[in-house]
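Engineer: Got a structure for you, written out below as structure tokens; questions coming shortly.
The values are calculated or read from the model by the stated rules, or taken from the named source; none is laboratory data. These numbers were taken from a predicted model, which means no experiment stands behind them. Using ideal geometry, Cβ is built from the backbone for each residue, glycine included, and neighbour counts are taken over all protein chains shown.
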Amino acid sequence: MTGWQIDPSGVDGVLKAVDADRTTLNEALAEDKFTGIFDGLTWGGGVTAEVPAAVNNLLQDQMKNLTNIGHRINAGIVGVSNATVAYNNAQYDMCSTFQTEMLATAESGDFTYFIENGYQADG
């Protein structure tokens, strides 16, 4: 027996909250939001002419960071949910493997391991 004490319903509640926050983040970062920002910046003509380019450069610089944040959120949801299922099935080695793979997936953005080995939701 391991020293872990996992409350599956508590984990499920946290994962649902994270998923809701992920949805809110994705909506805030939607392309149409940025289009609106750029459209608003063009109203000033020559006065604001360089601002859209500067904002675009800033966003391009931050794109990698935003992508990495998304990978970590998604990997966390997939890894924790799979580890919890494994724990509930008394598959402690698999639980540990899911945790390890979650970290690797967060770094790489490659979800192949979970696609091939993860638990699939019922119905």
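Engineer: Could you list, in sequence order, the residues of region 36-90 that are of a type in the set (A, V, I, L, M), within 23 Å of Thr24 (Cα to Cα) and under 23 Å from the mean Cα position of the chain (by Cα)? First the steps, then the outcome.
Structural biologist: Narrowing region 36-90 to residues of a type in the set (A, V, I, L, M): 37, 41, 47, 49, 51, 53-55, 58-59, 63, 66, 69, 73, 75, 77-78, 80, 83, 85-86, 90.
Next, from what is left, pick out any that are within 23 Å of Thr24 (Cα to Cα): 37, 55, 58-59, 63, 66, 69, 73, 75, 77-78, 80.
Listed by number, the residues that qualify are Leu58, Leu59, Met63, Leu66, Ile69, Ile73, Ala75, Ile77, Val78, Val80.
Engineer: Can you name the residue in region 1-27 that is exposed (fewer than 11 other Cβ atoms within 10 Å of the Cβ) and farther than 19 Å from Gln99 by Cα and, of all such residues, is modelled with the lowest pLDDT?
Structural biologist: Top of the filtered list is Glu27.
Engineer: Looking at Ala86, is it hydrophobic (A, V, I, L, M, F, W, C) and touching a helix residue (DSSP H, G or I) at 6+ places or on another chain (Cβ under 8 Å)?
Structural biologist: So Ala86 passes the test.
Engineer: Between a residue in region 67-95 that is without any contact (Cβ under 8 Å) to a residue 24 or more places away in the chain and any residue that is surrounded by fewer than 17 Cβ atoms within 10 Å (Cβ to Cβ) and in a helix (DSSP H, G or I), which pairs come within a Cβ distance under 6 Å, given they are 6 or more apart or on different chains?
Structural biologist: So the pair list comes out as Ala83/Gln99.
Residues checked against (1) closer than 30 Å to Gln5 by Cα; (2) modelled with pLDDT of 90 or more; (3) surrounded by 12 or more Cβ atoms within 10 Å (Cβ to Cβ):
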position: Leu29; (1), (2), (3): no, no, yes
position: Gly45; (1), (2), (3): no, no, no
position: Ala49; (1), (2), (3): no, no, no
position: Tyr113; (1), (2), (3): yes, yes, yes
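Engineer: Using beta carbons and a limit of 6 Å, which pairs, at least six apart or on different chains, have the first residue in region 22-34 and in contact (Cβ under 8 Å) with a residue 40 or more places away in the chain and the second one in a helix (DSSP H, G or I)?
Structural biologist: Arg22/Ile73
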